[in-house]
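To keep things clear, I will list the structure first and then write my remarks on it.
Read-outs: derived from the displayed coordinates by stated rules, not from any lab. Here the structure is a predicted model, which is why all the values come from computation and not from measurement. Glycine also receives a Cβ, built like all others from the backbone with ideal geometry; neighbour counts cover every protein chain displayed.
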Amino acid sequence: MENIQLSDFGHVVRIPTRWSDLDALGHVNNTKFFTFDEDVRLSYFKEQMDKPSFWKEQGIILANISADFISQLHHPADLQAGFRVISIGRSSLKTLAGIFNGDKLVAVTRGTIVWFDYVNQKSMAVPEDVRQWIRAREKIAPAEG
């Protein structure tokens, strides 16, 4: 596991755990980390999602997501979730989210988001203005190729 720090992220949101997040062992259930990723991912793209054409003509669609669980998490916890785009391809974005309890990394999610043409139901090139928008908000420049 690479050394992921909260300071790596230009976009961070606070996520408090809830009683309903717990499993039978009293841990925050592993499925909840995908919800935490969704929360921070959609928050990251909020400015893009405010465009009238987003979701109707073009936008993002999740193609893949995985998680590494670093340590157990118990309720209550006031989490910080950082999100960044680690690479920009022709039509896809590779993402990474770090979920932190205080300064402690508890989970990492990695995803692939496809820029999607909702009218024609197929992937499309990530628009140049979106590429520039992503580059401008990242602390660590995404790989491009």
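In nanometres, what is the gap between the two model label sites at Ala141 and His27, each 7 Å from Cα along Cα-to-Cβ?
It is 4.0 nm.
After finding the eigenvalues of the alpha carbon gyration tensor for region 69-145, what semi-axes result from the square roots of 5 times each, listed largest first in whole Å?
Values: eigenvalues 175, 42, 20 Å².
Value: 30, 14, 10 Å, ordered largest first.
Quick one: His11, His27, His74, fewest Cβ neighbours within 10 Å first, how do they rank?
The order, fewest Cβ neighbours first, is His74, His27, His11.
Rank the residues Tyr118, Tyr44 as a footprinting-exposure proxy: fewest other Cβ atoms within 10 Å of their Cβ go first. Spell out each step's value before the answer.
On the way: Tyr118 15, Tyr44 25.
With the fewest neighbours first, Tyr118, Tyr44 line up as Tyr118, Tyr44.
Would you mind computing the Rg to Rh ratio of region 1-87 from its alpha-carbon coordinates, Kirkwood style for Rh?
Numbers: Rg = 14.8 Å, Rh = 14.7 Å.
Taking Rh as the inverse mean 1/r over Cα pairs, Rg/Rh reads 1.00.
Could you line up Ile70, Ile99, Ile134 from fewest to most neighbouring Cβ atoms inside 10 Å?
Going from sparsest to densest Cβ surroundings: Ile70, Ile134, Ile99.
Pop out the ³J(HN,Hα) list for region 112-128 in order, Karplus 6.51 cos²θ - 1.76 cosθ + 1.60 with θ = phi - 60°, rounded to Hz; leave Gly and Pro as x.
For region 112-128, the Karplus curve yields 10, 10, 9, 6, 10, 8, 6, 6, 9, 6, 7, 5, 8, 5, 5, x, 4 Hz.
Mind counting lysine pairs for me in the chain? Cα separation below 23 Å, and the two need to be 8 or more apart along the chain or on different chains.
14
On full extension of the chain, what length is gained from Ser7 through His74, given 0.36 nm per residue of separation minus the C-alpha to C-alpha distance?
21.8 nm is the gain from fully extending Ser7 to His74.
Quick check: the distance between the Cα centres of region 54-86 and region 110-145, to the nearest angstrom?
Centre-to-centre (Cα) distance: 16 Å.
Relative contact order of the chain, please, whole-number percent, based on alpha carbon pairs below 8 angstrom and at least 6 residues apart.
Computed over the chain, the figure is 29 percent.
Considering the alpha-carbon set of the chain alone, what are its Rg and its Dmax in angstrom?
Taking only Cα atoms of the chain, I get Rg and Dmax of 15.8, 47 Å.
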